[in-house]
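The structure appears right after this line, and notes come after that.
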Amino acid sequence: MKGEVVRKPSAAVGSAVFFVLAPGTVVGLVPWWITNWEIREPLPYWAPARVVGASLIFAGAAVLIHAFARFVVEGLGTPAPVAPPEHLVVGGFYRYVRNPMYVAVLAIIVGQALALGQLILLAYAVAVWIAVASFVYFYEEPALSRRFGARYEAYRRAVPAWWPRLRPWRTGERNSPGAR
């Protein structure tokens, strides 16, 4: 218990720094470089698309912040590969989808495309998805499998990678990471 109290502040600082560097760059700096936050009107009557876009931005930001917080509270670590969590993070939005951070980042970029009327950001979202899906497949999943073994494999079988489940998995559920 005492180790957890010591680790949480450093995990919080590490997660905050990584939040600014990684998602801050991917959903902030790069889209700004691409668009200069210029609002365009690609088609007449674009207002409904802007509302959907703003909703995606806010929902994505909320999920992203919550997912980062799970690493501090539940994992006692950070999402950064250089300071990984001590415990497998499977609570919160991770009960619905294995990659809520990446899904949230993609939602934010698509939301920016719609809100700004900058459809070039849709191409950027595809490029980001290819990059993160490759990272997940070739690095993250094998690393988690080595680190957390059968518990991660059970979680992987129970929770989809990219498209959220309608109902969250529960401890004790077949193929649940908490099931014995």
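Structural remarks
- As a size descriptor, the averaged projected area of the C-alpha convex hull of the stretch 46-117 was calculated at 4.8 nm².
- Solvent exposure of Arg156, expressed as accessible area, is near 80 Å², computed with a probe of 1.4 Å over the protein chains only.
- Approximate spin-label separation Ala54-Val126, in nm, with each point projected 7 Å along Cα-to-Cβ: 2.9
- J(HN,Hα) series, the stretch 32-40, from Karplus relation 6.51 cos²θ - 1.76 cosθ + 1.60, nearest Hz, glycine and proline x: 5, 4, 6, 10, 6, 6, 6, 8, 10
- Spherically averaged projected area of the convex hull of Cα atoms, the stretch 22-180: 9.6 nm².
- Charges were assigned to the Cβ only: +1 to each Lys and Arg, -1 to each Asp and Glu. The resulting dipole of the chain about its Cα centre is roughly 740 debye.
- Label-zone membership for the stretch 52-67, site Ala22, 7 angstrom Cα→C-beta point, backbone N under 19 Å: 60-67
- When shorter helices are ignored and each DSSP H run of at least 4 residues is given -39500 (n - 2.57), the per-residue value for the chain at 222 nm works out to -20000 deg cm²/dmol.
- When the alpha carbon gyration tensor of the stretch 9-66 is reduced to an equivalent ellipsoid, the three semi-axes, largest first, read 29, 15, 5 Å.
- Helical segments meeting 15 Å axial Cα length and Kyte-Doolittle 0.0 threshold in the chain (DSSP H): 2-23, 47-73, 100-116, 120-135
- Protection proxy ranking for 60-71, 12-23, using the average of other Cβ atoms within 10 Å per residue and placing the highest first: 60-71, 12-23.
The values are calculated or read from the model by the stated rules, or taken from the named source; none is laboratory data. The shown structure was predicted, so the numbers you read here are calculated from the model rather than taken from an experiment. With ideal geometry, Cβ positions are generated from the backbone for all residues, glycine too; neighbour counts draw on all protein chains shown. Each accessible area value is taken on the protein alone, full model and side chains, heavy atoms only, with ligands, DNA and RNA left out. Shrake-Rupley method; radii C 1.70, N 1.55, O 1.52, S 1.80 Å.
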